[in-house]
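Student: Supplied in structure tokens, the structure appears directly below.
Read-outs throughout are calculated quantities, based only on the coordinates presented, and are distinct from any laboratory measurement. Keep in mind that what you see is a predicted model, and the values were worked out from it rather than measured. Ideal geometry is used to build each Cβ from the backbone, glycine not excepted, and the neighbour counts take in all protein chains shown.
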Amino acid sequence: MSDTPNNLANYIWSLADLLRGDFKQSQYGRVILPFTLLRRLECVLETSKPAVLAEAEKLAKMNLPEEAQEKMLLRASGLSFFNTSKMDLSKLGESGIAANLESYV
């Protein structure tokens, strides 16, 4: 498969059609698009996540104001956002998914 934008878009939509499963077409965007966004954010944060988690663990012991903690975590991530959840989409599991997803988000 050539990586032209049209071929890539067609390939992605064909995969999306396979994933649609039991969802009605009107529900599709409310389910697939948010998870696509979460996955994209997860990929962006992947390289900085270990540093952010280590920094969050240190900061939890320091009892600093929330604003100071946020600034230090932003510095650790090197981005304008971060996630301190140890969870990722591959660890949501088959049971307790709702609680795991809430913890992740």
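Student: Run the paramagnetic zone check for GLU46: 7 angstrom along Cα to Cβ, then residues of the range 64-97 with backbone nitrogen under 15 Å.
Tutor: Answer for this model: 88-91.
Student: Just to check I understand the Karplus step: with θ = phi - 60° and J = 6.51 cos²θ - 1.76 cosθ + 1.60, what whole-Hz values come out for the range 67-75, glycine and proline as x?
Tutor: 5, 5, 4, 4, 4, 5, 5, 4, 5
Student: Another question, then. Find how much the distance from GLU67 to ASP17 grows on full extension, using 0.36 nm per residue of separation minus their present alpha carbon separation; answer in nm with one decimal.
Tutor: Contour length minus the Cα-Cα distance gives 13.7 nm.
Student: Let me ask another. Students often get this wrong, so try it: which of (1) 49, 35, 20; (2) 44, 41, 24; (3) 51, 40, 22 is Cα extents along the principal axes in Å as calculated from the structure shown?
Tutor: So the structure-derived entry is (1).
Student: Using helices alone, I'd like the mean residue ellipticity at 222 nm for the chain: each DSSP H run of four-plus residues gives -39500 (n - 2.57), total over residue count, nearest 500.
Tutor: Values: 5 runs with 71 residues, N = 105.
Roughly -22000 deg cm²/dmol at 222 nm, from the helical runs in the chain.
Student: Round to the nearest 10 and give me the degree value, 0 to 90, for the angle of helix 49-62's Cα axis relative to the longest principal axis of the chain.
Tutor: Here the helix axis deviates by roughly 30 degrees.
Student: Note the angle between two axes, namely the Cα long axis of helix 25-45 and the longest principal axis of the Cα atoms of the chain, as a number of degrees from 0 to 90, rounded to the nearest 10.
Tutor: Here the helix axis deviates by roughly 40 degrees.
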